[in-house]
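Here's the structure we're looking at; comments come further down.
The values are calculated or read from the model by the stated rules, or taken from the named source; none is laboratory data. Everything numeric in this text was worked out from a predicted model, so none of it was measured. Every residue, glycine as well, gets a Cβ built from its backbone with ideal geometry; the counts of neighbours run over all protein chains shown. In case anyone asks, the SASA skips ligands and DNA or RNA and just uses the protein heavy atoms, side chains included. Shrake-Rupley method; radii C 1.70, N 1.55, O 1.52, S 1.80 Å.
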Amino acid sequence: MVKDSEYILELLTDYGMLTPEQINEGWEKVASSEGKMDIVDALKALKHINEKEVMALLAQQYGLETLDLGDYQIPAEAIEAISGDVAKQYKVVPVMKHDNLLTIAMSDPTDVETLDSLRYILRCDVEAVVSPKDQIQRLIGHHYGSRDESVDAYLDGMQEADIESQLAKTGDARDETDEDAPIIKLVSLIIVEAIRKRASDIHLEPLEKRYRVRYRIDGVLREMESPPKYLQANITSRLKIMAKIDITEKRIPLDGRIQLKVEGKEIDLRVSTIPTTHGESIVMRILDKASIQLDIPKLGFYSDDMELIQKIVNMPDGIFLVTGPTGSGKTTSLYAFLNSINTPHRKIITVEDPVEYMLSGINQVHVSAQIGLTFSAALRSMLRQAPNIVMVGEIRDKETAEIAINAALTGHLVFSTLHTNDAPGAVTRLIDMGIKPFLVASAVRAVMAQRLVRRICKNCSAPYVPDAEELEIMGLDENFVKSSNLQKGRGCDECGGKGYRGRMGIYEIFFVTEELQRLIFEKVPSSVIRDSARKSGMRTLREDGLRKAAAGMTTLAEILTMTVMDEE
């Protein structure tokens, strides 16, 4: 039986809205509902009543206000305060939010349990207004829709395919139900589309009024069609399950890993979450084991640079550093160098955070700070394994730098990375860390700085003549144009209309000569070391980029974006 039904019927009789005869006419249906009908449905079953008058009377008796939702515009912050699942389960719609107080519209003022449940779920104060049930249902459908219909609409905007055949089953099967199927399909398609478009990262970003999806393709973020905002929590939970991350923890950054097979290729996704103002932002880095370039010529080296690299990597000892910002391809270069000298008579050990790609024949150690396995601790232990060649993922502190220097001075060839803007700057960085200049001069054999620039799409490339303003910005003259084969992509289906497809490296290789060793020992400024290195034949990042632009491999605009003007 409907809660408080006898009291309400007595109330309606006293107010003359129902006669005893009218009550008896429909009461049998109401009495047999056993609580499955709410008060509005029960009163409608009695007929002979004016719904709005009854709603006003009930609101008055229970100390609540009424609200006509016919033309009511619900603020965005109110809609975002309740998920679609909660709104549909409790048949309420939020109408206003002020600080920690949320006002919801409900049709049954007798349902005090719903208010208590919402206060517990939403962790805020909740008050109610009374509105017609049909208006509430209409607004729930408008703002939250059907989850299945919303997912289908989003999938229609993308190139949907047979997901089951493309994406291997992932996640914990115990957490998957038929109700979850649309979200599973949506998340799977987001991943598959990113891989098809050759993306290196997937960014899922909660904004104030929408949930933005972006792919990083050839180093540039491109916005995709965004799923509905109210699916944000479902998508986040699904990805956390796949990455084996605690779905209940939303206050701190978390990391996980998803391993899957797409179109026959083994793919690793490195998942990172971070709490933001409007929810958890998720970034997934895509690691395609099949696409990694382990051949040095494919990285974009010219023959003269190739000869110098081969000379460096075949040295018996010393340190070879690769520098550049995050995402500039440093690790890929190091893997290619190691692969070129990976022979049965050499023992190679790496320490990485994390191990991005598994290399056959090489011992790779994964850093884990939680158990005390830091770069320095791992490196110290590695040296007791009697390796010929050691790779340290990154020199981050003085302790790691000192161990790497000592390893280089005791007969090991050490590869590592640093975050500096140019190659000569790595020397100054090591000294700033606290390494003695004479140790740096003795141990460092070479430093290579690198950047990634986009390749011109071969399918739509065409000759290009820059205007006078572009030449002036780049510090070039007409002679450069006459002696070059400058190209520019016009944009086609293969490159997505961007004119670029794929990326290549530009390099600055700083080889430490005897003269440079003397300057390092004397602790001269980085600018002096750089000038001396250029006189010794070092080609700067911009110079290497310009010769590749002149060969029609990339554009002047890319070189201008990724490098700084060389000081003469």
Requested in this report: For the stretch 333-357, name all the residues that are more than 23 Å from L452 (Cβ to Cβ) and among the aliphatic types (A, V, I, L, M).
Outcome: I341, I348, I349, V351
**Report entry** Failed condition for Y357, given (1) open to solvent by 40 Å² or more (accessible area, probe 1.4 Å); (2) under 20 Å from V322 (Cα atoms); (3) assigned to a loop (DSSP other than H, G, I, E, B)
**Finding:** (1)
Report summary line: Those residues of the stretch 526-545 that are closer than 9 Å to Y507 by Cα and open to solvent by less than 50 Å² (accessible area, probe 1.4 Å) come to a total of 5
Report task. Search the stretch 380-402 for residues being more than 23 Å from G329 (Cβ to Cβ) and open to solvent by less than 20 Å² (accessible area, probe 1.4 Å), and hand back the single one that is modelled with the highest pLDDT. Result -> P387
Requested in this report: Please note which strands (runs of 3 or more DSSP E) are completely contained in the stretch 392-508 and include at least 2 residues that are under 19 Å from M553 (Cβ atoms) and touching a helix residue (DSSP H, G or I) at 6+ places or on another chain (Cβ under 6 Å).
Outcome: 444-456
**Report entry** Criterion violated by T350 - all others in (1) open to solvent by 70 Å² or more (accessible area, probe 1.4 Å); (2) at pLDDT 90 or above satisfied
**Finding:** (1)
Query raised in the report: Only one residue in S272, S281, S333 is under 26 Å from N406 (Cβ atoms), outside any loop (DSSP other than H, G, I, E, B) and hydroxyl-bearing (S, T, Y), so which one is that?
Result: S333
Report task. Tell me, please, whether a residue that is within 26 Å of N339 (Cα to Cα), of a type in the set (K, R) and either touching a Lys or Arg at 6+ places or on another chain (Cβ under 7 Å) or open to solvent by 30 Å² or more (accessible area, probe 1.4 Å) (or both) can be found in the stretch 419-430. Result -> no
Report task. Filter the stretch 209-223 down to residues that are touching a strand residue (DSSP E or B) at 6+ places or on another chain (Cβ under 9 Å) and either among the charged types (D, E, K, R) or surrounded by fewer than 15 Cβ atoms within 10 Å (Cβ to Cβ) (or both), then give me how many there are. Result -> 8
Report task. Please work out which one of (1) open to solvent by less than 20 Å² (accessible area, probe 1.4 Å); (2) modelled with pLDDT of 85 or more is the condition E307 fails and give its number. Result -> (1)
Query raised in the report: Is the stretch 182-204 home to any residue that is farther than 26 Å from M284 by Cβ, open to solvent by less than 60 Å² (accessible area, probe 1.4 Å) and at pLDDT below 85?
Result: no
Report task. For the stretch 265-274, indicate whether the set of residues that are closer than 17 Å to A194 by Cα, at pLDDT below 85 and not β-branched (V, I, T) is non-empty. Result -> yes
